[in-house]
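The values are calculated or read from the model by the stated rules, or taken from the named source; none is laboratory data. Model, not experiment: these values are computed from the prediction. Cβ placement follows ideal geometry from the backbone for every residue including glycine, while neighbour counts extend to all protein chains displayed.
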C-alpha cells in the first residue's frame, strides 16, 4: 500500500453504485446524484443501481467508462470489491460509504457521506494504493484466463469431498504439497479476510508481500508463509475425482480440475482508494475488527 496526496484534475464525471437490498444505499445515492448535478458534475450509474432507480442508462460494473474521475460505492466491502477489479486498470479512485456489516475497505459512514464527498470534490483527500494479485488459470484443455484480485484467491473442496492435494512452487522452487481442505493466497489487504479466519497472519498493507495459508492442513507443520510480491507463485491441483473450486475475492468462482495450474504474481494495476479521515492501519483494526480488545 502507498498513500499519497492528490494533485488530480477536477472531478467532472462520477459513477454511483449502491448495494442492492437495504433502501438506505439507494437513498444516499439519490441524494448524492442530486447534489453532484447541482454542481454541474456528470453522474453515471451502474446497471443494477440504475434499474433500482427506474433508469435505463446504467453501465456494467465490469465495463466502466474510461472517462470516469471518481466511483462512489454505497455498500459494504463486497460491493466495493465488485467494482474494484474493473476500476483498477482505469486508475479510477474508489470512495466507499459503509452500508455493510464491517466496511473494512470503505472510508465513510452514511452520516458523513455528503460532507465527505464535498471534501473530495474540493480536493481535500489522498489516494491509498492497494496491492492486487494477477491470477492466471491455465486449464488442461489449453485455455487461459486472467483475473485481477484485491483480496484473495481461494482453492477449496466441496462440502463432501475428501482432503485435496495442492502443490505449491515459488519461483520454480518446490515449497510443499499440501494435503488440506484448501489454500489461500492473499494480498496484505486480504490478510484480514478469509486468511485471518484460517489462522493466517495480518499483514501491514504497507508491505509488498503475499501470504500463502493452507486451510485445515493434515500435517500441523504446514504453517502460513509470507513471500515478497516479486515472486511468482505456481499452484497445481493434484487431486483427481474431488470437487474443487477456485474463488476470487469471494465473488468469481469456477471448478478446478486435476492438472489445472494457477500462476499468481504482482498485478501492476493497484486499486486506488480515496482517503479523507487519514485513520492509521492499526486504528482501523481496533475500530472495525476490535483487534487487541480483551
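Key figures for this structure:
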item: Close pairs from region 164-180: first assigned by TED's automatic domain parsing to the domain that holds residue 260, partner loosely packed, with under 15 Cβ neighbours inside 10 Å and modelled with pLDDT of 95 or more, Cβ under 6 Å, at least 6 apart; result: none
item: Filtered residues of region 146-166 (kept if over 19 Å from residue 91 (Cβ atoms), touching a strand residue (DSSP E or B) at 6+ places or on another chain (Cβ under 8 Å) and loosely packed, with under 14 Cβ neighbours inside 10 Å); result: 158
item: Close pairs (7 angstrom Cβ cut-off, 6 or more residues apart or separate chains): part of a loop (DSSP other than H, G, I, E, B) in region 129-149, buried (at least 18 other Cβ atoms within 10 Å of the Cβ) anywhere; result: 139/260; 140/260
item: Close pairs (8 angstrom Cβ cut-off, 6 or more residues apart or separate chains): on the phi > 0 side of the Ramachandran plot in region 205-218, part of a strand (DSSP E or B) anywhere; result: 216/180; 216/182
item: Where residue 106 falls short, out of the listed (1) free of Cβ contacts under 8 Å to residues at least 60 places away in the same chain; (2) at positive phi; (3) not assigned by TED's automatic domain parsing to the domain that holds residue 255; result: (2)
item: So residue 223, is it under 18 Å from the mean Cα position of the chain (by Cα) and not in a helix (DSSP H, G or I); result: no
item: Residues that are crowded, with 16+ Cβ neighbours inside 10 Å, assigned to a loop (DSSP other than H, G, I, E, B) and touching a helix residue (DSSP H, G or I) at 6+ places or on another chain (Cβ under 6 Å), drawn from region 17-70; result: 19, 58, 61, 64
item: Yes/no for residue 267 being outside any strand (DSSP E or B) and either free of Cβ contacts under 8 Å to residues at least 12 places away in the same chain or within 21 Å of residue 207 (Cα to Cα) (or both); result: no
item: Residue that is under 18 Å from residue 48 (Cβ atoms), modelled with pLDDT of 90 or more and in a helix (DSSP H, G or I), where the choices are 84, 88, 113; result: 84
